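Take a look at the structure set out below.
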Amino acid sequence: MLKKRVVLAALTACLSVATNAQTYQPNLPILDVSSEKNRHIVIARGTEETYQGHPTTVLMPDGKTLFCVWSFDHGGKCGPLAKSTDGGLKWEAISTPADWSTVFNCPSIYNLEDKNGKSRLMVFAARPGMSQTWSEDGGKTWTPFKSLGKPCVMAFSSIVRLQNGDYLGLYHRGPDDKDRSPLKIWQSISKDGGVTWEESVLVGEMEGRSPCEPAVFRSPNGKELLCIMRENQRKGRSLMMVSNDEGKTWSKPVETPWGLTGDRHMVRYLPDGRLVSVFRDMAPNSPTKGHFVAWVGTYSDIINGLSGQYRIKLLHNFAGPDCGYPGLELLPDGTLVATTYIKYEPGKKKHSVVSVRFKLEEFDKML
């Protein structure tokens, strides 16, 4: 039986706002299920000495095997890797090669397939120079980490397959390749399933703003790419840009709807055509600011500057705005598995890696 939930905010008037309207107030219902610990799976618990940070996940083609990779400390050494064979209910630690501890900051994991149908499980890390390793045997063995020679703040935040079978990867850089404003969005193309990457090109910048942590996905008809970005100068809402030519050119960034304002978005389509995005909430005047949330709406909502259906507070963060950097996977039975690093409880224990499990129909019934 579902526990009672609290609606933190709801408008009785129209739940939409034009993207160009300077409105920075909650404009859609916000549900809170963060206290429902029956939804939570702790993958790696933090201790007074160990900070578990910045995970990403990947769901394998069998629909039940998941991998999760993360780092120690805030932007620290990579190395932890866990595997689940039951859709994220139980996890086991996987040993990684010694060289994983020589690369740093926000590892990202993908399952990429080349044009001959060969799949590789790939992990990227930010330093040095965006380093990369891959496994061709389901995570049992890994190639040595090698640098791609791409200075970055974070390695590829998002990778999307193009219609010709190539992959497009997006990431961000700062001046002199340091983590400082103004941040800009760069992209690179791989023609061989992610093994090698072409020279990077600048594709997104905005005067007075710092777009970063890009999340790219396709429109429902497959013809358009939409990229949602964190705005690191905190001057308003998050940013977005679109491409109608497979990433050859991008529109100038504009603000997202209020409800999508946050850091390190991860986006998935549902079978009914709706979108779910999870991220660290950084929306101005949000009652859930700094916590781990989900946004529910449609592609049309985003493109037309509409608020969407609702938001959900998934996890309460006991450490200010230091959470997010999530994985988000959709299982065959409709269960969404959202994974983040978060200070899971008050006290001296540091951040943990935690998953939240939910189905949208549970929340739909409330609204």
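The values are calculated or read from the model by the stated rules, or taken from the named source; none is laboratory data. It should be emphasised that the depicted structure is a prediction, and the values quoted were computed from it without experimental measurement. Here Cβ is always computed from backbone atoms with ideal geometry, including for glycine, and neighbour counts include all displayed protein chains.
The residue that is farthest from the chain's Cα centre (by Cα), among those in the range 240-264 that are within 15 Å of TRP186 (Cβ to Cβ) and not in a loop (DSSP other than H, G, I, E, B), is SER243.
Within the range 319-338, can one find any residue that is in a loop (DSSP other than H, G, I, E, B), within 18 Å of ILE30 (Cα to Cα) and at pLDDT 95 or above? Looking through the range 319-338, none of the residues is in a loop (DSSP other than H, G, I, E, B), within 18 Å of ILE30 (Cα to Cα) and at pLDDT 95 or above. The combined condition, being outside any loop (DSSP other than H, G, I, E, B), touching a strand residue (DSSP E or B) at 6+ places or on another chain (Cβ under 8 Å), surrounded by fewer than 22 Cβ atoms within 10 Å (Cβ to Cβ) and of a type in the set (D, E, K, R), is not fulfilled by ARG230. Restricting to the range 34-68, count the residues that are in a strand (DSSP E or B), more than 18 Å from the chain's Cα centre (by Cα) and surrounded by 22 or more Cβ atoms within 10 Å (Cβ to Cβ). Here the count works out to 0. Applying the set (1) in contact with a Lys or Arg (Cβ under 7 Å, 6 or more places away or on another chain); (2) within 22 Å of PHE67 (Cβ to Cβ); (3) in contact (Cβ under 8 Å) with a residue 24 or more places away in the chain to GLU136 leaves exactly one unmet item: (3). For the range 187-209, the count of residues that are within 21 Å of THR102 (Cβ to Cβ), touching a residue at least 40 places away in the same chain (Cβ under 8 Å) and aliphatic (A, V, I, L, M) is nonzero. The one condition from (1) of a type outside the set (Phe, Trp, Tyr); (2) closer than 23 Å to ASP114 by Cα; (3) free of Cβ contacts under 8 Å to residues at least 24 places away in the same chain that LEU225 does not meet is (3). SER84 fulfils the conditions (1) out of contact with any Pro (no Cβ under 9 Å at 6 or more places or on another chain); (2) closer than 21 Å to LYS350 by Cα; (3) among the small types (Gly, Ala, Ser) except for a single criterion, (2).
Checked against the criterion of being touching a helix residue (DSSP H, G or I) at 6+ places or on another chain (Cβ under 8 Å) and more than 30 Å from ASP62 (Cα to Cα), the range 258-280 has at least one qualifying residue.
For the range 98-108, the set of residues classified as closer than 15 Å to PHE67 by Cβ and either touching a Leu at 6+ places or on another chain (Cβ under 7 Å) or outside any helix (DSSP H, G or I) (or both) consists of PRO107, SER108, listed by residue number.
Looking at this structure, is THR19 among the β-branched types (Val, Ile, Thr), modelled with pLDDT under 95, surrounded by fewer than 22 Cβ atoms within 10 Å (Cβ to Cβ) and more than 30 Å from LYS348 (Cβ to Cβ)? Spelling it out, THR19 is indeed among the β-branched types (Val, Ile, Thr), modelled with pLDDT under 95, surrounded by fewer than 22 Cβ atoms within 10 Å (Cβ to Cβ) and more than 30 Å from LYS348 (Cβ to Cβ). What are the residues in the range 194-237 that are closer than 30 Å to TRP142 by Cβ, of a type in the set (Gly, Ala, Ser) and within 21 Å of the chain's Cα centre (by Cα), if any? Answer for the range 194-237, where residues must be closer than 30 Å to TRP142 by Cβ, of a type in the set (Gly, Ala, Ser) and within 21 Å of the chain's Cα centre (by Cα): GLY194, ALA215.
Identify, from the list ILE342, ILE312, the residue that is farther than 17 Å from TYR51 by Cα and under 17 Å from the mean Cα position of the chain (by Cα).
Only one candidate passes the filter, namely ILE312.
Take the range 342-357 and flag every residue that is of a type outside the set (D, E, K, R) and out of contact with any Pro (no Cβ under 6 Å at 6 or more places or on another chain). Within the range 342-357, ILE342, TYR344, PRO346, GLY347, HIS351, SER352, VAL354, SER355, VAL356 qualify.
Looking at this structure, is GLY290 in contact with a Lys or Arg (Cβ under 6 Å, 6 or more places away or on another chain), within 20 Å of GLY320 (Cα to Cα) and not acidic (Asp, Glu)? So GLY290 fails the test. If the condition is being within 19 Å of SER84 (Cβ to Cβ), touching a Phe, Trp or Tyr at 6+ places or on another chain (Cβ under 6 Å) and not polar (S, T, N, Q), then the range 122-138 contributes only MET122. Evaluating SER219 against the criteria (1) buried (at least 20 other Cβ atoms within 10 Å of the Cβ); (2) touching a Leu at 6+ places or on another chain (Cβ under 7 Å); (3) in contact (Cβ under 8 Å) with a residue 60 or more places away in the chain leaves one unmet condition, (1).
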